[in-house]
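In what follows, a structure is listed as structure tokens, so that the remarks can point back to it.
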Amino acid sequence: MFINLKLLMITFTIFLSLFLVCCTRDKSMNSINILDCSDYHLNVDHYLSNSKIVFISRRTDNSGTWGLYSMDVDGSNQKCLIEKSVICAYPSCSSNGLMIAFVHYNDQNDYELYVIDIDGGVSNLLATACRYLGQPSWAPDDSRIVFTINRTCNSDTNDIHIINSDGSNHEILTHIGDNSYPVWSPDGSLIAFSSNRDGFTGIYLMKPDGSELKLLTEQNASFTCPRWSPDGQYLVYVSCEFEGSQIFTVDIDGKNQKQLTTTVSPVWYDKGFPRDGNESPVWSPDGNKLAYISWQNGNPDIYVMNSDGSNKRQITHSDKRDEMPCWSPLGDYIVFSSRRNIELDFDIFIMNSNGCNQEPLSNYRREDTNPVWTIR
């Protein structure tokens, strides 16, 4: 009996030691995750003279109509830019920050591509489509715009189109498969886009005249929504598999494809669509980081990671929706859309790029979403 008691005491001592070690470790890990924001402030004065935040908003009572708005980066001087409704999508701002491309859905059920200056006023109609038109992207020199149009009025198949920003020289760049999400490379020499032309949805490159087509991603997979790194050497994009949307990168020569995320939502809300995982990656201005949306806790929150997938950090912690991140031009702030204040529905928020000082900007009691920070 003495031996059994002695063994019991030894076992208890070992268990107690392990428990104390674990508690100390957990406390240490939690303290690392608690960010001290006392040295961080929201001071956007250096942006007030040369920046705007462009967004879309539903500000008409009892209406589903979206409008195009702008505001200063401190939330002041909110302005409706045009008396035309816009589709629910990101506005596309020119590289010089002086013009905005947007899509209007008119009374004849046609889609219309317009360009308007950043202060509102005169708008220019560039193109019209009978079934769908969207996803405009400016050339780096602002001379041309690529966008997506339905191939026919009776089809959901899309093609990539290109047009001068004054509305001249409208051309079709693709003619095979379903093509979408065209984006210009930073030097203007290439266009990346998504297509299922080869029986699977992949990321492709082509010249601005539609030539020299090249598949970047692996076959028999499904990828979409490419975005160029600021130096033009990499693309980030998203898988659209049922196992869960995940974020990938690849070199522009098609080498070194890398999966950066793996988590998925614990709840699968609609099994007719891919599982919610990680999505909407956005490069920081220096290309060293990616802000993105993760559903790993069951609702969308904003995370930041290094561009190689390391050092993932959750920077919003709302029990509602935090999404649509957009970096400031210097990478010191992130604006985003949040529904954390139910009285405001969705509102445009701002925070330091590490998640400190999260504050509402637009403060309007309807939906303000899809913010784009533009500099001129």
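Every number in this text was worked out from the coordinates using simple rules, so none of it is lab data. Just so it is clear, the structure is predicted and the values come from calculations on it, not from any experiment. Glycine also receives a Cβ, built like all others from the backbone with ideal geometry; neighbour counts cover every protein chain displayed.
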Amide hydrogen neighbours beyond the local backbone of Ser353, cut-off 5 Å, H modeled = Tyr333, Ile334
query = From the residues Ala291, Asn311, Trp327, which one has its Cα farthest along the dipole of the chain in the positive direction, the dipole being from +1 and -1 charges on Cβ of Lys/Arg and Asp/Glu about the Cα centre?
reply = Asn311
key: Residue range of the chain that is longest and free of GluC sites (Glu not before Pro) which are both DSSP loop and sparsely packed (at most 11 other C-beta within 10 Å)   = 84-211
remark   = For Lys258, the aspartates and glutamates lying under 13 Å Cα to Cα, once residues fewer than eight places off in the same chain are dropped, come out as Glu218, Asp308
ask   = Using 0.36 nm per residue, how much length does the chain from Ser318 to Leu98 gain when fully extended, once their Cα-Cα distance is taken away?
value = 75.8 nm
remark   = Taking a crude spin-label model, label points 7 Å out from Cα along the C-beta direction, the Asn354 to Cys153 distance in nm is 5.8
note = Output for the range 215-318: trypsin sites (Lys or Arg not before Pro) sitting in coil per DSSP, at most 13 other Cβ within 10 Å, listed by number, reads Lys255, Lys271
request  = Express in nm, to one decimal, how much length is gained between Lys214 and Lys79 on full extension, taking 0.36 nm for each residue of separation and deducting their alpha carbon distance.
outcome  = 44.3 nm
query = So what is the 222 nm mean residue ellipticity for the chain from helices alone, if each DSSP H run of at least 4 adds -39500 (n - 2.57) and you divide by all residues, rounding to the nearest 500 deg cm²/dmol?
reply = -3000 deg cm²/dmol
task = State to the nearest 20 debye the size of the charge dipole of the range 44-375 about its Cα centre, where the only charges are +1 on K and R beta carbons and -1 on D and E beta carbons.
result = 480
ask   = How high is the relative contact order of the chain, in percent, counting Cα pairs under 8 Å that sit 6 or more residues apart?
value = 11
request  = Please label the shape of the range 44-375 as rounded, prolate or oblate, based on the square roots a ≥ b ≥ c of the eigenvalues of the alpha-carbon gyration tensor (a/c under 1.5 means rounded; beyond that, a/b larger than b/c means prolate, else oblate).
outcome  = rounded
Tilt relative to the chain, helix 2-33 - C-alpha long axis, 0 to 90 degrees, to 10 = 30
request  = Could you run the Karplus curve 6.51 cos²θ - 1.76 cosθ + 1.60 with θ = phi - 60° over the range 192-197 and give me ³J(HN,Hα) per residue in whole Hz, x for Gly and Pro?
outcome  = 9, 7, 10, 8, 10, 4
request  = Determine ³J(HN,Hα), in whole Hz, for all residues of the range 108-121 in sequence, where each value follows from phi through the Karplus function 6.51 cos²θ - 1.76 cosθ + 1.60 and θ = phi - 60°; x replaces Gly and Pro.
outcome  = 8, 6, 9, 9, 10, 8, 10, 10, 9, 6, 4, 9, x, x
query = Are there chymotrypsin sites (Phe, Trp or Tyr not before Pro) in the range 236-303 that DSSP marks as loop and that have at most 11 other Cβ atoms within 10 Å, and which are they?
reply = Tyr269
query = Hey, what do the phi angles of the range 362-376 turn into as Karplus ³J(HN,Hα) couplings, whole Hz, using 6.51/-1.76/1.60 and θ = phi - 60°, x for Gly and Pro?
reply = 7, 6, 10, 7, 8, 9, 10, 9, 6, x, 10, 8, 10, 10, 9
query = Counting only the backbone N, which residues of the range 218-257 are under 20 Å from the spot 7 Å out from the Cα of Asp308 toward its beta-carbon?
reply = 229-237, 247-257
